[in-house]
1. Looking only at region 75-91, decide whether some residue is assigned to a strand (DSSP E or B) and within 17 Å of residue 20 (Cβ to Cβ).
2. For residues in region 98-114 being aliphatic (A, V, I, L, M) and assigned to a loop (DSSP other than H, G, I, E, B), which is modelled with the lowest pLDDT?
3. Please go through region 62-84 and give me each residue that is surrounded by fewer than 21 Cβ atoms within 10 Å (Cβ to Cβ), without any contact (Cβ under 8 Å) to a residue 60 or more places away in the chain and not aliphatic (A, V, I, L, M), ordered by number.
4. So, residue 117, is that one in contact with an Asp or Glu (Cβ under 7 Å, 6 or more places away or on another chain), farther than 15 Å from residue 23 by Cβ and acidic (Asp, Glu) or not?
5. Just one of the numbered conditions (1) closer than 17 Å to residue 14 by Cα; (2) surrounded by 15 or more Cβ atoms within 10 Å (Cβ to Cβ); (3) in contact (Cβ under 8 Å) with a residue 40 or more places away in the chain is not true of residue 103; which one?
6. Residue 30 fails exactly one of the following numbered conditions: (1) over 13 Å from the mean Cα position of the chain (by Cα); (2) open to solvent by 70 Å² or more (accessible area, probe 1.4 Å); (3) under 26 Å from residue 139 (Cα atoms). What is the number of that condition?
7. Being farther than 20 Å from residue 94 by Cα and open to solvent by less than 30 Å² (accessible area, probe 1.4 Å) is the filter; apply it to region 125-149 and report the residue that is modelled with the lowest pLDDT.
8. Can you name the condition, by its number, that residue 95 falls short on among (1) at pLDDT 95 or above; (2) under 20 Å from residue 53 (Cβ atoms); (3) buried (at least 18 other Cβ atoms within 10 Å of the Cβ)?
Amino acid sequence: MKNPIGGGLLPRARVVNAKPGLDGHDRGAKDITRAPRDPGFEVIYTGPHQTPEHIVATVIAEDTPLLQLSVLSGAHLTIVEKVIELLEQEDAGDLGVLVGGTIPDGDLPALEAMAVEAVFTTGSDIGRAVGTAHRLTTTPPTHTLEPAC
């Protein structure tokens, strides 16, 4: 399948997209689930209201190299910290993690310290998010936070 981001073909990479917590606003999560499918990703969407435990169990069961979390509730620091802690307990701490949603700039250093690969705030370019997902599924994660916009 053609890669609209930079030409060439994309591998059939598998990605888990999760909507954790009590936040039911899932339009952005659905957009970031659909966008990578067009260039050839297989995206496993867990649906809204997922616990960190369920998200990590899905990542392990699906054996994916990348997790995308969509959080609009304001609980992103707590949720991301718990998800990463559980990933490390499952020996999956090298997994790439992307976070999207309503994320204040002041929280970026904390997310970087948690080894989040990139943060995409509301209004970010979805093509850039897909490009980052492609990079992370074809090269090992760097665990250095990529600029958001």
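The values are calculated or read from the model by the stated rules, or taken from the named source; none is laboratory data. Quick caveat: nothing in here was measured; it's all calculated off a predicted structure. Please note: Cβ atoms are built from the backbone with ideal geometry, for glycine as well, and neighbour counts cover all protein chains shown. Each accessible area value is taken on the protein alone, full model and side chains, heavy atoms only, with ligands, DNA and RNA left out. Shrake-Rupley method; radii C 1.70, N 1.55, O 1.52, S 1.80 Å.
1. no
2. Only one residue tops the list, namely 103.
3. If the condition is that a residue be surrounded by fewer than 21 Cβ atoms within 10 Å (Cβ to Cβ), without any contact (Cβ under 8 Å) to a residue 60 or more places away in the chain and not aliphatic (A, V, I, L, M), then 62, 63, 73, 74, 78, 81, 82 are the ones that fit.
4. Values: in contact with an Asp or Glu (Cβ under 7 Å, 6 or more places away or on another chain): yes; farther than 15 Å from residue 23 by Cβ: yes; acidic (Asp, Glu): yes.
For residue 117, the condition - in contact with an Asp or Glu (Cβ under 7 Å, 6 or more places away or on another chain), farther than 15 Å from residue 23 by Cβ and acidic (Asp, Glu) - is met.
5. Of (1) closer than 17 Å to residue 14 by Cα; (2) surrounded by 15 or more Cβ atoms within 10 Å (Cβ to Cβ); (3) in contact (Cβ under 8 Å) with a residue 40 or more places away in the chain, only one is false for residue 103: (1).
6. Among (1) over 13 Å from the mean Cα position of the chain (by Cα); (2) open to solvent by 70 Å² or more (accessible area, probe 1.4 Å); (3) under 26 Å from residue 139 (Cα atoms), the lone unmet condition for residue 30 is (1).
7. My answer is 148.
8. All conditions pass for residue 95, except number (1).
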